[in-house]
1. Helix 16-47: angle to the longest alpha-carbon principal axis of the chain, degrees 0 to 90, nearest 10?
2. Angle check, please: helix 51-91 long axis (alpha carbons) against the longest principal axis of the chain (alpha carbons), in degrees 0 to 90, nearest 10.
3. How high is the relative contact order of the chain, given as a whole-number percent (alpha carbon pairs under 8 Å, six or more residues apart)?
4. Looking at segment 30-72, which chymotrypsin sites (Phe, Trp or Tyr not before Pro) are DSSP coil and have at most 15 other C-beta atoms within 10 Å of their C-beta?
5. Suppose only helical runs count, i.e. DSSP H with n ≥ 4. What mean residue ellipticity at 222 nm does that imply for the chain under -39500 (n - 2.57) per run, divided by all residues and rounded to the nearest 500 deg cm²/dmol?
6. Computed from these coordinates, which is Rg and Dmax of the Cα atoms in Å: (1) 13.7, 41; (2) 28.4, 71; (3) 19.2, 65?
7. Distance in nm between label sites at Asp83 and Trp49, each 7 Å beyond Cα in the beta-carbon direction?
8. Using +1 at the Cβ of each Lys and Arg and -1 at the Cβ of each Asp and Glu in the chain, identify which of Ala79, Phe54, Gly27 lies farthest towards the dipole's positive end.
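Where a number appears in this text, it was derived from the coordinates with a stated rule and is not lab data. No experiment lies behind these values; they were computed from the predicted model shown. A quick note on method: Cβ atoms are made from the backbone with ideal geometry, for glycine too, and the neighbour counts reach across all protein chains shown.
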Amino acid sequence: MSGKVGRRRLQPKMGRGSWRFSMWVYGFMVPISAFLAVSRLTKGLNDGWNVVGFCLYAVWFLLSVGQVLYLLRVRQNDAPFWDEEEAEAFKN
């Protein structure tokens, strides 16, 4: 554990590798869900409004953006712990 008193990890089981994988997944989900929401909106303006479809894609987009923001917060908070773990691994 860290030598700093009072500092806690946001995601104790997440390492740098799993963080990168999660960022790749949610990084792809954000533009895809944004594209689908915008396409549903433009299609709705031309052919008739489908509120449920647009709301589903909009909620998917908002959840993806929220997850990316949370992962950025995890990286900011947990990066010192990851650095300590890597330093200990290279010592041994």
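1. Approximately 10 degrees, to the nearest ten.
2. That helix lies at roughly 10 degrees to the long axis.
3. On the way: 49 pairs, mean separation 40.0, N = 92.
Reported relative contact order: 44 percent.
4. Numbers: sites: Phe35, Trp49, Phe54, Tyr57, Trp60, Phe61, Tyr70; in loops: Trp49.
Of the chymotrypsin sites (Phe, Trp or Tyr not before Pro), the ones in loops of segment 30-72 whose Cβ has at most 15 other Cβ atoms within 10 Å are Trp49.
5. Numbers: 2 runs with 73 residues, N = 92.
Rounded to the nearest 500, it is -29000 deg cm²/dmol.
6. Matching the structure shown: (3).
7. With each label point 7 Å from Cα toward Cβ, the separation is 5.2 nm.
8. Farthest towards the positive end: Ala79.
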